[in-house]
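One structure below.
The values are calculated or read from the model by the stated rules, or taken from the named source; none is laboratory data. Every value quoted in this text rests on a predicted model; they were computed, and no experiment measured them. In this analysis, Cβ positions are derived from the backbone assuming ideal geometry, glycine residues included, and neighbour counts consider all displayed protein chains.
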Amino acid sequence: MTHLSSVEIIGSGLIGTSIGLALAQNGVQVSMKDLNERAQVMANDLVGGTGIPNPEVIVIAVPISAFSGVLKELAARDFKGVVIDVASIKTKVKLEVSSFPSLVERFVPTHPMAGREVGGVESARSDLFEGRAWIIDATSAAPDSIAIVKELIALLGAVAVEMDSIEHDEAVALISHLPQLLSSLLASQLQGKPENWLHLAGGGLRDTTRIAASDPALWREIISQNSAAILPLLQKVSTDLQSLISKISDESVVEAFISSGQKGRALIPGKHGGKARDYTFLPIVIEDKPGQLAAIFEECATAGVNIEDLSIEHSPGQETGLITLALNQSDAVKLSEHLRIKGWNVHSPRK
């Protein structure tokens with residue numbers, strides 16, 4: 001049972017409305033505000049929002065360019081509660097708040113490490129933050145303010161991670177801002193190419209260009225405000241590309257280039273931020289009839305194994321389908337033996 005009872009959210013976009021949805025589901029009274037009346041009305045309709053004269057917490061979920069204006073408004077209304085932001089850049093935010101001494105101890109800079117390539121109130125999801133890291137800079141705020149913010153983060157299903165603002169900006173430059181730029185760069189190469197070529201695109205191109213669909217106006221601000229941390233990363237990318245360009249016909253150089261990427265990819269943590277899992281994949285051919293997937297899950301429960309992930313391949317009109325389960329190695333062997341005994345068409349596990 002939460003002690004947090006009321007939150008006002010200024011900014012009714014993807015992040016702000018997603019916060020509102022999750023809080024409302026947890027019994028917190030929520031009020032959504034936005035300069036865009038349509039967004040504000042829709043967000044309040046979604047979260048069941050009502051006016052709150054004196055909210056305990058105010059969440060600032062506006063673009064960085066609008067941040068100082070919100071601070072002035074809060075100072076003018078003499079707000080006495082806790083204030084947090086969710087901006088992608090933290091050093092600029094802290095600097096602006098320092099101009100309002102009455103807010104400093106009650107302001108906690110935060111950044112949820114979650115989002116989507118589509119924005120706006122229509123894209124909001126109550127589960128957007130489930131299991132995701134939520135960075136907080138606890139170096140300036142009072143302990144009671146930090147405690148309230150951590151409670152809010154826990155209600156959203158996220159995991160609070162303390163990090164000062166300078167380190168935060170350097171970290172997100174690598175793990176968020178650089179990927180956005182490279183995805184946009186790759187996708188921009190598709191312009192002007194034959195349409196019949198693009199019809200051949202498979203999962204690789206779609207995966208690597210997914211975030212290229214992001215909002216240019218939003219990213220214009222983010223990149224420009226964190227350019228000092230991003231520039232060295234871009235220079236390293238440029239150096240590596242020039243090295244590859246000069247020796248692109250050398251098979252050993254190409255192999256080393258791909259191998260380096262493979263090693264870097266393996267460093268990304270697995271589920272819940274733990275060590276990346278080395279999954280074993282178990283293919284099972286199933287009949288195209290109702291209840292097959294549910295029956296597989298029941299067999300997994302009976303065998304006492306945990307499914308980490310799954311994929312399903314089924315062509316229209318095909319009488320069979322292929323479900324591939326991702327498990328740890330011992331569970332894959334255990335489940336394979338169990339399913340064979342039960343008469344399932346299971347194939348040998350693979351790495």
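Here are the numbers for this structure:
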read-out	value
Answer from 12, 65, 31 - the residue that is under 16 Å from residue 120 (Cβ atoms) and either part of a helix (DSSP H, G or I) or not assigned by TED's automatic domain parsing to the domain that holds residue 221 (or both)	12
Flag for residue 35 being surrounded by fewer than 24 Cβ atoms within 10 Å (Cβ to Cβ) and within 20 Å of residue 112 (Cβ to Cβ)	no
Output for the range 84-111, where each listed residue is among the β-branched types (Val, Ile, Thr), over 12 Å from residue 64 (Cβ atoms) and either out of contact with any Leu (no Cβ under 8 Å at 6 or more places or on another chain) or without any contact (Cβ under 8 Å) to a residue 60 or more places away in the chain (or both)	97, 104, 108, 110
Test: residue 197 is loosely packed, with under 10 Cβ neighbours inside 10 Å, touching a Leu at 6+ places or on another chain (Cβ under 9 Å) and not assigned by TED's automatic domain parsing to the domain that holds residue 65	yes
Pair list, Cβ < 7 Å and 6+ apart or interchain, from the range 183-205 residues that are closer than 27 Å to residue 238 by Cβ to residues that are hydroxyl-bearing (Ser, Thr, Tyr) and not in a loop (DSSP other than H, G, I, E, B)	183/208; 186/208
Subset of the range 297-332 (residues that are out of contact with any helix residue (DSSP H, G or I) (no Cβ under 8 Å at 6 or more places or on another chain), aliphatic (A, V, I, L, M) and either more than 17 Å from residue 348 (Cα to Cα) or in a helix (DSSP H, G or I) (or both))	301, 332
In the range 150-182, the residues that are in a helix (DSSP H, G or I) and of a type in the set (D, E, K, R)	150, 151, 167, 169, 170
Test: residue 52 is at pLDDT 90 or above and either crowded, with 20+ Cβ neighbours inside 10 Å or of a type in the set (Lys, Arg) (or both)	no
Residues of the range 185-236 that turn out to be small (Gly, Ala, Ser) and closer than 18 Å to residue 91 by Cβ, as a count	4
Scan of the range 282-297 for residues that are closer than 17 Å to residue 333 by Cα and loosely packed, with under 15 Cβ neighbours inside 10 Å, ordered by number	285, 297
Residues being assigned to a helix (DSSP H, G or I), of a type outside the set (D, E, K, R) and surrounded by 15 or more Cβ atoms within 10 Å (Cβ to Cβ) - total across the range 79-102	3
Criterion violated by residue 53 - all others in (1) in contact with a Pro (Cβ under 6 Å, 6 or more places away or on another chain); (2) assigned to a loop (DSSP other than H, G, I, E, B) satisfied	(1)
